[in-house]
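Colleague: Quick one: the structure is below, and I'll ask about it shortly.
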Amino acid sequence: MSRASRGVKERSVEEELVRRVRAMGGLCYKAYVTGVRGFPDRLVVLPGGRVVFVECKRPTGGVVSAHQTQLLDKLAGLGAEVAFIKNSYDIDRLLAAAIER
């Protein structure tokens, strides 16, 4: 991990995701589900109808909790698309697939 990413907070990663998704015409909602522990941070809807549950973490030291892992595995098992975003490269990969469609 580069020195530049050491001081990056999860909020900064999330803000970049929101900005870039909106710039391409998508939606990026902050997700809150009452009574559900570990729900992903963002529900991303990309042009073309692609919907992704996104968990954001800071580039260094960001840990996915057991509750988050269980719920994200359950969502993926149901066929939902799930993504972990820790940096700009992860955002690039998420959005590149939308551009290719």
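The values are calculated or read from the model by the stated rules, or taken from the named source; none is laboratory data. No experiment lies behind these values; they were computed from the predicted model shown. Methodologically, a virtual Cβ is constructed for each residue, glycine included, from the backbone with ideal geometry; neighbour enumeration extends over all protein chains shown. Just so you know, the surface numbers come from the protein's heavy atoms only, side chains and all, with ligands and any DNA or RNA stripped out. Shrake-Rupley method; radii C 1.70, N 1.55, O 1.52, S 1.80 Å.
Colleague: Could you work out the helix-only [θ] at 222 nm for the chain, with each DSSP H run of four or more residues adding -39,500 (n - 2.57) and the total divided by the number of residues, to the nearest 500 deg cm²/dmol?
Modeller: Helix contribution divided over all residues of the chain: -13000 deg cm²/dmol.
Colleague: Still on this structure, please answer the following. Of the candidates T60, T34, T69, which one comes out as most mobile in a Gaussian network treatment of the chain with C-alpha springs shorter than 10 Å?
Modeller: Checking each option, the largest mean-square fluctuation is seen for T34.
Colleague: Roughly how many percent of the accessible protein surface of the chain is carbon and sulfur, given a 1.4 Å probe and a whole-percent answer?
Modeller: Here it works out to 53 percent.
Colleague: By a straight-distance test (C-alpha under 17 Å), which aspartates and glutamates pair with K86 as possible cross-link partners, with residues fewer than eight away in the same chain excluded?
Modeller: Qualifying aspartates and glutamates at Cα under 17 Å: E10, E14, E15, E16, D41, E55.
Colleague: With the dipole of the stretch 13-101 worked out from charges on the C-beta (+1 for Lys and Arg, -1 for Asp and Glu) around the Cα centre, which of P59, A96, G38 lies farthest toward the positive end?
Modeller: Result: G38.
Colleague: For the chain, with a Gaussian network of springs between Cα atoms less than 10 Å apart, report the residue from V52, V64, V18 with the top mean-square fluctuation.
Modeller: Its mean-square fluctuation being the largest, the pick is V64.
Colleague: Going by a ≥ b ≥ c, the root eigenvalues of the Cα gyration tensor, does the chain fall in the rounded group (a/c under 1.5), the prolate group (a/b larger than b/c) or the oblate group?
Modeller: oblate
Colleague: Taking the Cα centre of the chain as the origin and placing charges on Cβ (Lys, Arg +1; Asp, Glu -1), which of M24, V13, Q70 is farthest toward the positive end of the dipole?
Modeller: Working it through, the farthest residue towards the positive pole turns out to be V13.
Colleague: Starting from 0.36 nm per residue, how many nanometres of slack lie between R37 and Q70 once their C-alpha separation is accounted for?
Modeller: Full extension of this stretch gives 10.9 nm more.
Colleague: Another question, then. Let me know the charge dipole size of the chain about its Cα centre in debye, to the nearest 20, where only the beta-carbon of Lys, Arg (+1) and Asp, Glu (-1) is charged.
Modeller: 260
Colleague: Find how much the distance from A80 to R22 grows on full extension, using 0.36 nm per residue of separation minus their present alpha carbon separation; answer in nm with one decimal.
Modeller: 18.8 nm
Colleague: Using a cut-off of 10 Å between beta-carbons, work out the net charge of the residues near L17 (Lys and Arg +1, Asp and Glu -1, L17 not included).
Modeller: Computed value for this residue: -1.
Colleague: So in the chain, what percent of DSSP beta bridges are antiparallel if you round to the nearest 5?
Modeller: Roughly 65 percent of the beta bridges in the chain run antiparallel, per DSSP.
Colleague: With springs connecting C-alpha atoms under 10 Å apart, model the chain as a Gaussian network and identify which of S65, S88, S12 has the largest mean-square fluctuation.
Modeller: S65
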